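Only the coordinates and a few stated rules stand behind these numbers; no lab work does. Since the structure is predicted, the reported quantities are computational estimates derived from the model, not experimental observations. Counting neighbours? That spans all protein chains shown, and the Cβs are built from the backbone with ideal geometry, glycine included.
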Amino acid sequence: MLDLNKQPVEEKPIKDEPSDSFIYQKEDLAKMEKEAKSASKALEEEKAYRRGVVSIKDLIAPSSFEVNSHYIKLGQRFLRTIFVVTYPRYISVGWFAPIINLNYSFDISMIFYPVDSSIILKQLKNKVGVLEAQIESDAEKGAARDPLRETALRDIEYLRDALTQGTEKFFQFGLYITCYADTLEDLDKLSDNIEDIFGSRLVFSKRVYYQAEQGFNSTLPLSLDDLQVAFNMNSSPAAASFPFVSSELTSDNGILYGINRHNNSLIIFDRFSMQNANMVVFATSGAGKSYAVKLEVLRSLMMGTDVIIIDPEYEYKHLAEAVGGTYINISLAGKSKINPFDLPRAIGDQVKNEDIIRSAVITLKGLVKLMIGDLTYDEDSIVDRALLETYAKKDITPDSDLSKIEAPIMRDFQEILDGMEGGSSLSLRLKKYTEGTFSGLFNSPTNVIMDNQLVAFSVRDLEDELRPMAIYIIINYIWNIVRSEVKKRILIIDEAWWLMQHDDSAKFIYALVKRCRKYYLGVTNITQDVNDFLRSSYGQAIVNNSAMQLLLKQPKSAVDLIQKTFMLTEGEKYLLLECGVGEGIFFAGNKHAAIKVIASYTEDQLITSDPRQILEIEEAKRQFAAKLAEAQDQEANQKII
């Protein structure tokens, strides 16, 4: 609506002058242009800086990546991916372990695609109908039954039950392995080896072809599956394919040997539950072998097992005193004597005197060889005849009552040799054991009694030359006692390599290890000189006849022989080289696990072999005895007052 009373506005001419807003726009544009140039300069500087900085990707990236039809060359290394296509009807737990244990570099990818059980149940139901119809049709036609169809029907019915009950799940499972090698020839050999292992377990595998890059990507830790090769599998066989299998050595009975280093479970085992109760312990000096064995002794005593020990270095004296055992020191000047001519006690009426005497003569011939060296055929015959005559001199014949006889001694044997044609030289060589320097060891009747749960024989005070002979005599005496009464016992032979240096004593130990199972005896051979022990044919046989083995820290000079003997992987080999005190590998039959021997404080005080710790214990004992005596004196003085 127009306002007629309003006065018209006077128009002013427009001047050609810039407005304030226009000036402001020009200033903004100039400022923006300046900022853009500054940002561009900063970006160029940032690019230049980044070109001079090395990132983690730059460090781990290969120098080159060459893709071929069936392999990839990654830098200077060659790699190929192998994938599994089909599996057999049944696979055992740990079937994949032989490939994992190969001493090569692998990238392994296991891909699981869960499948809804309802879908699988519907498909299995249809498959059951088809199989039943085919079986009924064959029966109506009078055709022979088809075991494959019947087996497939049983498997499907079992799987249907398991899926319905929820005890099994269903997956599509893909297994890919990328192997690495330095040359293409090595890569082909490794691929053949892997496929051979798969084939030996009826697992069919293939190599990638024109999918080398996709196979490589599928085994990178990126959760990719570019190959898309899967096999229908329920959860039980899928779990059996899992590569990280940790051995369990826990049973309901037995003693605690240590802690499983893989999963911290307890290694509880009863050595008498094996096919034999024998054991070998190999370790370098200071690795804790005596500590581990003494811990086994202490815990076995608590389970009621008798223990007999041959101690070359006084290591078991403190333990024997602590548990009230018998410690027998065998030395030239010592009071304890063992007569090598003692006869084994008869076991029942089925053992004839003739067999007992013959067994004693054979054992004594081995001792004579240790004492005077190898014998010629004539000398061997003379010694054999002289031993029989030595027993006959004491009226020990097949017709004698062996329960009422007096065994001869070494001097009797020497006198018989003196009176035999051709025996004078042998008698002369024996004189140092009957009249000379060593006459105090083999020339006395036995006065040792083994009537304790723990009996230890010490040979520390003997000369090195006499130790093998003394140990031989002690073991023979123990063997005679063992055969007279069947009882659960453990015999521990420390520093067994002393006996492995001589064929006769090594043969004797081997025969003992083979026969001891019948008498409920387990023999433990301990040695730090692995080379001397295993390079003996009898040493290898002793290991084969020992159901349990304990390998602790090994020296570099012996670890290759250990690896070959026990068929260790490279990882287990390096474990034995680098493990600490009391750590190693514990074998029980076909199972083995990495072990750490652990004792309680009280056990540690009883079994320690550390000289510093032993001195501290002895000092604590002296202080306790002094305080006890002081307290008794004070109590006596108070009574007088």
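Take each peptide in 63-72, 322-331, count the other Cβ atoms within 10 Å of every residue, and average; sorted highest first, the result is 322-331, 63-72. The stretch between L577 and R201 holds 132.1 nm of extra length on full extension. This uses 0.36 nm per residue minus the Cα-Cα distance.
Expressed as an acute angle from 0 to 90° and rounded to the nearest 10, what is the orientation of the C-alpha long axis of helix 467-484 relative to the principal long axis of the chain? Its long axis makes an angle of about 90 degrees.
Treating r as the C-beta distance of L59 and Q172 and R0 as 35 Å, the FRET efficiency rounds to 0.40. Between S600 and D182, the contour length at 0.36 nm per residue exceeds the alpha carbon distance by 145.5 nm. Measuring between their Cα centroids, region 483-549 and region 577-620 lie 22 Å from each other. Distance between the pseudo-spin-label points of S336 and E465 (7 Å out from Cα toward the beta carbon): 2.4 nm. A simple packing score, the average count of other Cβ atoms within 10 Å per residue, orders the peptides 251-258, 410-417, 359-366 as 410-417, 359-366, 251-258, with the highest score first. Normalised by the number of residues in region 222-342, the mean separation of alpha-carbon contacts (under 8 Å, six or more apart) gives a relative contact order of 13 percent. At an R0 of 35 angstrom, the distance between the Cβ atoms of E136 and Q228 translates into a FRET efficiency of 0.35. Near R261, the amide H atoms lying under 5 Å from its own belong to A594, I595, K596; only residues 5 or more places off or on other chains count, and H is placed 1.01 Å from N.
Can you bin region 486-533 into rounded, prolate or oblate? Criterion: square roots of the alpha carbon gyration tensor eigenvalues sorted a ≥ b ≥ c, rounded for a/c under 1.5, prolate for a/b above b/c, oblate for the rest. Cα axes put region 486-533 in the oblate bin. For N253, put the label point 7 Å out on the Cα→Cβ axis and report which residues of region 463-488 keep their amide N under 14 Å from it. Residues 488 qualify, since their backbone N sits under 14 Å from the label point. Taking 7 Å steps out from each Cα toward its Cβ at E421 and K352 produces label points 3.0 nm apart. A protection proxy built from the mean count of other Cβ atoms within 10 Å ranks the segments 310-319, 396-405, most packed first, as 310-319, 396-405. Could you list which residues have their amide H under 5 Å from that of N276, counting only those 5 or more apart in sequence or on another chain, with H placed in the peptide plane? Result for N276 returns A547.
Across the cross-link table entries K169/K596; K289/K335; K352/K487; K289/K591; K507/K553; K335/K518, which are compared at the Cα atoms, the separations over 26 Å belong to K169/K596; K289/K335; K507/K553; K335/K518. To the nearest 0.05, what FRET efficiency results for E618 and N531 with a Förster distance of 35 Å applied to their C-beta separation? So the FRET efficiency works out to roughly 0.45.
With the simple model of a label 7 Å out from the Cα in the direction of the Cβ, D451 to T164 spans 7.2 nm.
What does the charge dipole of the chain about its Cα centre add up to, to the nearest 20 debye, if the Cβ of each Lys and Arg holds +1 and the Cβ of each Asp and Glu holds -1? Using only the charged Cβ atoms, the result is roughly 700 debye. For region 353-445, the calculated P(r), taken from all Cα-Cα distances in 5 Å bins from zero up to the bin holding the longest distance, is 3, 13, 25, 26, 19, 10, 3, 0 percent.
Rounded to the nearest 20 debye, the dipole size of region 353-445 about its Cα centre is 400 debye, using +1 on the Cβ of Lys and Arg and -1 on the Cβ of Asp and Glu. The Cα center of region 276-303 and the Cα center of region 396-430 differ in position by 40 Å.
Starting from the Cα of F112, step 7 Å toward the Cβ, then list every residue of region 158-197 with an amide N under 16 Å from that point. Counting only backbone N, you get 163, 166-176. Remark: C-alpha extents of region 273-361 on the principal axes read 47, 42, 28 Å, sorted largest to smallest. Looking at the chain alone, DSSP beta bridges between its own residues are antiparallel in about 65 percent of cases. Computed extension gain for E44 through N544, at 0.36 nm per residue and net of the alpha carbon distance, reaches 172.6 nm. Considering only T437, V368, A392, and ranking their Cα positions along the charge dipole of region 353-445 that arises from unit charges at the beta-carbon of Lys, Arg, Asp and Glu, the one farthest toward the positive end is T437.
Dividing the mean sequence gap of close Cα pairs (under 8 Å, 6+ apart) by how many residues the chain holds gives a relative contact order of 16 percent.
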